[in-house]
Amino acid sequence: MNNFIYDIPVKVYFGENQLCHLGEELSKYGKRVLLTYGGGSIKKSGLYDAVLAEIQKAGLEVFELSGIDPNPRIDSVREGAQICKEKQIDVLLAVGGGSTLDATKWMAAGACVDFDAWDFFSKWAPVEKALPLITVLTLSATGSEMDSGGVISNPETKDKIGRVERPLLPKASFLDPTVTYSVSKYQTACGSADMLNHIMEVYFNMETDLYMLDCFMEGMMKTIIKYTPIAMAEPDNYEARANLMWTSSWAINGFVNGGKRQAWSCHPMEHELSAIYDITHGLGLAILTPRWLEYCLDETTVPKYVQYGVNVFGIDPALPDMEIAKKSIEMTADFLFNTLGLDDTFTKVGIKREDFPVMAKKACGDGVIAGFKPLRQADVEKIFEMCL
Ligand code: NZQ
Ligand code: ZN
């Protein structure tokens, strides 16, 4: 077991009617607020009006940037950073899903530098500071509300790149499950596929000595499997939406890592899919996850699948190990494709074989994804083939 530092200083206001604290949180950082949001779901739901009312009540001055796309673009980041500089913004307020939150994190960083914001990704320019950020989350999925990551797309270079930097961590996040009642069945399913994969990226690990964290992760996976179908069938089921929302944050806020050093596997592969095809992140992960599990299964990795199959899906522990492992992969696929109704192949979502070499090469970065099982370009291409 490796040493690690636990330090997750994001203040969370969880539950209904917590927005009354928004003004006080924003006011800690100044008077001038940049409010950011996506394509308008917050206007339809009434959240926009509620947020503005709180900002006005606190006597703050508000500027706006809307139209942040899913798989957010570098252009939005550039525009936001520019507004921050021109209007001398004190604090950013992101209201939306992971895309809005991620883009706003990088606006906050871009506001503090003189170079083009894409240099953060193309040249790995240092992120020394960022303006303070408050978030109001509207979709349970990415965990951006409680982590210091942000993923940005550049359609010109067909890149989608994520980076984790401490200054990007939100100061406070508002998590009201009722705000997610309006999330479509499809986005609910994709969000859960994303959360499930965040957990698996850490759970399927050759460092197996943190039993306590394994139990925690198994609990979160069971939570997703239990509550996602309920949230899809009854969008305004508070218990289901609340359980999913809190799982979103804890799946990726760093707690479950417990010092494990192993890299993630499905995420680098998926980011190449959405870089070229602009598909929903959670959908790409759903297609990849069971194939990646299948590809990594062998005599050395099988114990982890047995633990997963028995503890998460309740498979009979008396069965032979390989049988439990294969059954656990089948049950994962059944959950993603039958229960959640997500497309199960690249063919169905239009991803073509001709792009495999370039996507696989980029996914491997320096040459290898040093994950549960090390993956090189040829391995990633094989996993992509399994997804066709
Ligand atoms: O844009 P609006 O109109 O708000 O509509 C959005 C969008 O069309 C809609 N939506 C959000 N909340 C809603 C709602 N519709 C109705 N009611 C609501 N309450 O949902 C659509 C998708 O939104 P988006 O923000 O794109 O989804 P998500 O939260 O899944 O974010 C995905 C992005 O986050 C990145 C992904 O790669 C992707 O770019 N990720 C960020 C991570 C992080 N920061 O740590 C980690 C993740 O692994 C992931 O890579
Ligand atoms: Zn993800």
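Please turn the phi angles of the stretch 170-177 into ³J(HN,Hα) values with the Karplus equation 6.51 cos²θ - 1.76 cosθ + 1.60 (θ = phi - 60°), one per residue in order, whole Hz, x for glycine and proline.
Values per residue, Gly and Pro as x: x, 6, 8, 9, 9, 10, 10, x Hz.
With θ set to phi - 60° and the Karplus curve 6.51 cos²θ - 1.76 cosθ + 1.60, what are the ³J(HN,Hα) couplings of the stretch 134-139 in order, to the nearest whole Hz, using x for Gly and Pro?
10, 10, 10, 7, 10, 8
Sequence neighbours fewer than 8 away in the same chain don't count; with that in mind, list the lysines whose C-alpha is under 16 Å from residue 129.
The qualifying lysines are 85, 105, 171.
Where nothing but the Cβ of Lys and Arg (+1) and of Asp and Glu (-1) is charged, how large is the charge dipole of the chain around its Cα centre, in debye to the nearest 20?
Details: 37 positive and 52 negative charges, 107 e Å.
The calculated dipole for the chain is roughly 520 debye.
Using only alpha carbon positions, build the gyration tensor of the stretch 209-253, then give the equivalent ellipsoid semi-axes as the square roots of 5 times its eigenvalues, largest first, whole angstrom.
They are 23, 10, 6 Å, listed from largest to smallest.
Grab the other residues whose beta carbon is less than 10 angstrom from that of residue 137, score K and R as +1, D and E as -1, and report the net. Working shown, then result.
Working: positive: none; negative: 145, 176.
With Lys, Arg at +1 and Asp, Glu at -1, the neighbours total -2.
On the Cα set of the stretch 194-350, report Rg and Dmax in Å, please.
When restricted to the Cα atoms of the stretch 194-350, Rg and Dmax are 15.4, 45 Å.
Can you show me the helix-derived [θ] at 222 nm for the chain, built from DSSP H runs with n ≥ 4 at -39,500 (n - 2.57) apiece and divided by the number of residues, rounded to the nearest 500.
Mean residue ellipticity, 222 nm, calculated: -14500 deg cm²/dmol.
Which residue, 91, 358, 179, tops the fluctuation ranking in a GNM of the chain built on C-alpha contacts under 10 Å?
358
Report, as a whole number in µm² per second, the diffusion coefficient that Stokes-Einstein gives for the stretch 42-154 at 37 °C and 0.692 mPa s using the Kirkwood radius over alpha carbon pairs.
Details: Rh = 14.4 Å.
The estimated diffusion coefficient comes to 229 µm²/s.
Taking the Cβ of residue 3 as the centre, find all other residues whose Cβ is under 15 Å away and add up their charges (Lys, Arg: +1; Asp, Glu: -1). Spell out each step's value before the answer.
Values: positive: 260, 261; negative: 7, 207, 209.
Neighbourhood net charge equals -1.
Collect residues whose amide H, placed 1.01 Å from N in the peptide plane, falls under 5 Å from the amide H of residue 175; neighbours closer than 5 in sequence don't count.
13, 14, 15
Which Cα, out of 313, 20, 10, lies furthest along the positive dipole direction of the chain (beta carbon charges, K/R +1, D/E -1)?
20
Seen from all sides and averaged, what is the projected area of the convex hull of the Cα atoms in the stretch 130-201, in nm²?
On the way: hull surface 24.4 nm².
Answer in nm², one decimal: 6.1.
Dimensions of the chain along principal axes (Cα, Å, largest first)?
66, 44, 43
Quick check: from the Cα gyration tensor, does the stretch 1-71 come out rounded (a/c under 1.5), prolate or oblate?
Note, shape of the stretch 1-71 comes out prolate.
Regarding the stretch 267-386, what are the three Cα extents along the principal axes, ordered largest first, in Å?
44, 32, 17
For the stretch 339-351, what does the Karplus curve 6.51 cos²θ - 1.76 cosθ + 1.60, with θ = phi - 60°, yield as ³J(HN,Hα) per residue in whole Hz, taken in order and with x for Gly and Pro?
Here the 3J(HN,Hα) series is 5, 8, x, 7, 4, 10, 9, 4, 4, 5, 9, x, 7 Hz.
Would you mind counting up the charge near residue 251? Only other residues with Cβ under 12 Å from its Cβ, with Lys and Arg at +1 and Asp and Glu at -1.
It works out to a net charge of -4.
Only the coordinates and a few stated rules stand behind these numbers; no lab work does. These figures come from a predicted structure and were not determined experimentally. Here the Cβ is made from the backbone with ideal geometry for all residues, glycine too, and neighbour counts use every protein chain on show.
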